[in-house]
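Asks: To start, I am sharing the structure in question, which I have written as structure tokens.
The values are calculated or read from the model by the stated rules, or taken from the named source; none is laboratory data. Only a predicted model underlies this, so the values are computations on that prediction, with no experimental measurement involved. Cβ placement follows ideal geometry from the backbone for every residue including glycine, while neighbour counts extend to all protein chains displayed. These area figures cover heavy atoms from the full protein model, side chains too; ligands, DNA and RNA do not enter into them. Shrake-Rupley method; radii C 1.70, N 1.55, O 1.52, S 1.80 Å.
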Amino acid sequence: IYDAAHASLAPNGSIVWVTTTPHSTTQADCGLTGTGFNQCIDDYNAAALQLLGDKTDVQVCDLNAAVVAVCGKGYGKGGCNLQRYENVHFTDAGKQFCAIEVAHTVAPLLAPKWMALDLKQSSDALAL
């Protein structure tokens with residue numbers, strides 16, 4: 001997957017890899033308890049980070065850590081306002097939270113291109 005993404009990058013482009021998010025320990029998923037499933041998620045994220053972490057064209061957005069920072073590690077019966085009760089899917093607030101976290105990683109990658117566009121638009125406006 002990395003090779004295909006890398007080959008299709010624009011010059012000086014970046015790949016953004018987003019970690020898989022945890023879910024409540026009270027929910028069973030794929031035949032595992034939430035705790036066991038979260039361990040699989042942690043293992044997956046660690047393996048992907050080991051594979052992608054040294055690639056200079058990969059930016060990591062650690063959405064897992066962001067959700068854990070808000071919800072706590074292995075949040076249980078109290079739930080978390082970011083995810084639906086005993087469900088892996090995010091609430092509207094959770095979707096907004098995740099969008100902001102991803103935008104925080106993506107926006108700096110776009111800034112140089114936006115700056116070039118802004119300068120061109122400014123010079124075009126001055127020419128009028």
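Asks: Filter region 76-101 down to the residues that are small (Gly, Ala, Ser) and in contact (Cβ under 8 Å) with a residue 12 or more places away in the chain and list them by number.
Replies: At the first step, the residues of region 76-101 found to be small (Gly, Ala, Ser) are 76, 78-79, 93-94, 99.
Listed by number, the residues that qualify are Gly76, Gly79, Ala93, Gly94.
Asks: Tell me, which residue of region 51-92 that is under 29 Å from Gly13 (Cα atoms) and in a strand (DSSP E or B) is nearest to the chain's Cα centre (by Cα)?
Replies: Looking at the filtered set, the residue picked out is Cys61.
Asks: Could you grab me the full set of residues in region 41-75 that are in contact (Cβ under 8 Å) with a residue 40 or more places away in the chain and either on the phi > 0 side of the Ramachandran plot or open to solvent by less than 20 Å² (accessible area, probe 1.4 Å) (or both)?
Replies: Across region 41-75, the qualifying residues are Asp57, Val58, Cys61, Leu63, Asn64, Val67, Gly74, Tyr75.
Asks: So which residues in region 2-16 are closer than 15 Å to Val60 by Cα and of a type in the set (A, V, I, L, M, F, W, C)?
Replies: Residues satisfying the conditions are Ala5, Ile15, Val16.
Asks: Follow-up. Give all pairs with beta carbons closer than 9 Å in which a residue from region 11-31 that is closer than 17 Å to Phe90 by Cβ and at pLDDT below 65 meets a residue that is among the charged types (D, E, K, R) and outside any loop (DSSP other than H, G, I, E, B); count only pairs at least 6 apart in sequence or on separate chains.
Replies: Between residues of region 11-31 that are closer than 17 Å to Phe90 by Cβ and at pLDDT below 65 and residues that are among the charged types (D, E, K, R) and outside any loop (DSSP other than H, G, I, E, B), there is no close pair.
Asks: Just wondering, is there one or more residues in region 97-113 that are among the hydroxyl-bearing types (Ser, Thr, Tyr), modelled with pLDDT under 75 and at negative phi?
Replies: no
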